[in-house]
Amino acid sequence: MSGERGLTRYGLRFVALFYLAALLLLPIGVALVKTFDDGIGEVIDQITEPDAIHALKMSLLTVIIAVPLNTIFGIAAAHVIVRSDMRFKWLIGAVIDMPFAVSPVVIGLSLILVYGTGGWFGADLAAQGIQVIFSTPGIVIAVIFVSLPFVAREVIPVMQEIGTDQETAAETLGASAWQTFYKITLPAIRWGVTYGIVLTTARALGEFGAVTVVSGNISGETQTLPLYVSKQFETFNSVGAYSASLVLAILALGTLLFMNLLRRRED
Amino acid sequence: MTDITTNLKTESHGIEVRGVNKDFGDFHALRDVDLIVPDGSMTALLGPSGSGKSTLLRTIAGLETPSTGQVLIGGEDQAKKPVRTRNVGFVFQHYAAFKHMSVFDNIAFGLKVRKWKKDKVKARVDELIDLVQLTGLGRRYPSQLSGGQRQRMALARALAVEPSVLLLDEPFGALDAKVRKDLRTWLRRLHDEVHVTTIFVTHDQEEAMDIAEQIVVMNEGQIEQTGSATDLYDRPANEFVMGFVGEVNSLGGKLVRPHDTEILPEPAPGTVEVEIDRVVRLGFSGRVEMLTVPDKKEVWAQLTRSELETLDLESGATAHVRPRPDAVTKDDTGALEDAFREESPATRRPIPAEPGLPV
């Protein structure tokens, strides 16, 4: 009995660890080693290339715009879905999930249909001197689109879990709707929001498909870091590709670490 | 303790509910409810689950809008007043503690949103912490408190803003029996000191009779009877009230209290034949458990020790029971059974080990 149980337990552990090792740790580890094949000096040279720095700036810019917007939207949408008695709120829930369901390339193409030169608003915007497609606004819109669901999806279950008693109590004590939200609801959902922000940031940093389509992938102009990595790889600059990948990985890990530190400090 | 509370006397107001109906779709949660709660009194809303007692409380608080009718607090119509300006203190069954705030900040919440000065907030909160006997626990978080402590914190939080009325929704429902009993005695004493008009919801008749001056018995969205514990017990308006407040037997189509159930050795006018099941002696009093013949319905009688000795009953023996000549009785139409059948197990009243009479 206990032997069989032990076997099951170790079997499960083996499967979990092997899966992680073979599919995640091994490739990332190899990439890391490969990066430093030609020494650290080469890596520094590669990531200080003007195009690499431009790509990094581009990626950070999209994160700085997309993450706060999606955070505010996500919290608001979660509030509507969980707390309001709106009739068609299920529809909002379904629409929020769309970026999960639709391939990023398709999202990119649909953005071209709307904002491209032949698209719905493309000509009007061009007349105003605003270029969306093959330019920064298009990249930002694409990133906002693909990273939209995360905050809402993380916050909705937390908000359902905490219930309405605390909010109602605040109301009876004289708090306005804003005070109730700011002093009661927001602190109660803060870890859901935090986790949502981490996921949104990771997605915004890593997005490739939709951005490829709308950006035109012009080096030094409309390239984000993942596009830069891909371009270096295609042009057989593997050290350049791996070095830029390392920067991406460090950014993502940095976000995770920062959130963990915040949480630890509070506990 | 008394000098502390002299500063805590709030300007209290009576409550009046006039012809209130509340519908949720097809469901009539409240039907033609009229109620007067005197200024400074303590009133219990008593009834089985689904009887509308919580809805009535929430309607008074402004958490529900009545479909028709009026709620007046201190003579003032509350229809246009949102919850936050109604100045009611509301206490929830599950405490609704602000989990991310210390005890101090929980109690201070209402004062801070009213923009009180810091030193005044501190003085008031410290005073309340002492009042609810949480002295020294101000820096703790709700998760570090027991259920009883959390509920006292919630009470202090509600009292902090000097509410004109205090409304408690099953305030002791989530606590275990011992704590519940202590806390209700404590609440009664607190009320004697603070004198704020208080309404609490309960499904526990003993709790209502123990601390309320006025009890409102509710069933299916209606008020069945309003009165003191003695009124309800001695002069129940109908079979529901009789059955809900105190113990009853169903005897030959009549409801009768166990202490009004007379046991005779021989048949007499109005008696029902029973078989003695068990005789329990409990010090001064005793309980005789019987089964009616032939339909085997459970009936019990409460007797004094000398009555028990005179009768000298053995289990298995046959006897005859009837209501005493001066007994309070109501016709048993089965309505009571219906009301109880829909209840959750938590609200079903067990027969107490020592049937005590509410005095």
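The values are calculated or read from the model by the stated rules, or taken from the named source; none is laboratory data. In this text, all values refer to a predicted model and were calculated from it rather than measured experimentally. All Cβ positions, even for glycine, are placed from backbone atoms using ideal geometry, and neighbour counts span all protein chains on display.
The set of residues in region A:174-196 being more than 7 Å from every other protein chain (Cβ to nearest Cβ), of a type in the set (Gly, Ala, Ser) and in contact with a helix residue (DSSP H, G or I) (Cβ under 6 Å, 6 or more places away or on another chain) consists of A:Gly192, A:Gly196. Candidates A:Glu161, A:Glu171, A:Glu167: the one that is within 14 Å of chain B (Cβ to nearest Cβ), farther than 26 Å from A:Met259 by Cβ and acidic (Asp, Glu) is A:Glu171.
Only one of the numbered conditions (1) over 21 Å from A:Phe150 (Cβ atoms); (2) in contact with a helix residue (DSSP H, G or I) (Cβ under 7 Å, 6 or more places away or on another chain); (3) among the small types (Gly, Ala, Ser) is not met by A:Ala16, and that is (2). Surrounded by fewer than 14 Cβ atoms within 10 Å (Cβ to Cβ) and modelled with pLDDT of 85 or more: is that true of A:Ser135 in this structure? Spelling it out, it is not the case that A:Ser135 is surrounded by fewer than 14 Cβ atoms within 10 Å (Cβ to Cβ) and modelled with pLDDT of 85 or more. Could you check region B:143-155 and list, in sequence order, the residues that are out of contact with any Lys or Arg (no Cβ under 9 Å at 6 or more places or on another chain) and surrounded by fewer than 24 Cβ atoms within 10 Å (Cβ to Cβ)? B:Gln144, B:Ser146, B:Gly147, B:Arg150, listed by residue number.
Could you identify the single residue in B:Leu56, B:Leu45, B:Leu35 that is surrounded by 23 or more Cβ atoms within 10 Å (Cβ to Cβ) and assigned to a strand (DSSP E or B)? Please lay out each step first, then the result.
Values: B:Leu56 fails: assigned to a strand (DSSP E or B); B:Leu35 fails: surrounded by 23 or more Cβ atoms within 10 Å (Cβ to Cβ).
The match here is B:Leu45.
Of all residues in region B:49-61, those being more than 13 Å from every other protein chain (Cβ to nearest Cβ) and in contact with a strand residue (DSSP E or B) (Cβ under 7 Å, 6 or more places away or on another chain) number 6.
Tally the residues that are more than 10 Å from chain A (Cβ to nearest Cβ) and of a type in the set (A, V, I, L, M, F, W, C), restricting the search to region B:62-106. Within region B:62-106, residues that are more than 10 Å from chain A (Cβ to nearest Cβ) and of a type in the set (A, V, I, L, M, F, W, C) number 6. Annotation: A:Ala175 fulfils all but one of (1) over 23 Å from B:Asp169 (Cβ atoms); (2) assigned to a loop (DSSP other than H, G, I, E, B); the unmet one is (1).
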